[in-house]
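Notes to accompany the following structure.
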Amino acid sequence: MEMETKDDFLKSQIAIRCAKAAVLLSCLKTSQNCNLRATIDYGNEEREILKRAITDLKIELVKERRKIKRIKVCGLVELVIVLSLCSFCLILAIKY
């Protein structure tokens, strides 16, 4: 039960981070509008802070994707090992 709560919490945190990254990335895609707004609304320092935040979120997004991929691979390897052990035990049981 506690593990499910932690998983749900982690999933919601990842979803929030991904949403923030998506908003910032969509802002980059429409760079003309964002640059115009950034020129009007923000100074150079704030623009640099936004660029750093975007870069940090991109890095974090890549790390999350790698982490998820690693978890999937480990799960697959674990499944293969368990199936191999079960097959080996069945073969031994049938022979003897």
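Which ones in the range 45-75 are under 8 Å from the mean Cα position of the chain (by Cα) and among the charged types (D, E, K, R)?
E60, K63, E64, R65, R66, K67
Collect the residues in the range 50-80 that are in contact (Cβ under 8 Å) with a residue 12 or more places away in the chain and small (G, A, S), keeping them in residue-number order.
Hit for the range 50-80 is A53, nothing else.
Any idea how many residues of the range 37-58 are within 21 Å of A19 (Cα to Cα) and either among the polar types (S, T, N, Q) or modelled with pLDDT of 90 or more (or both)?
Count: 1.
The values are calculated or read from the model by the stated rules, or taken from the named source; none is laboratory data. Predicted model, so just to flag it, every value in this text is computed and none were measured. Here Cβ is always computed from backbone atoms with ideal geometry, including for glycine, and neighbour counts include all displayed protein chains.
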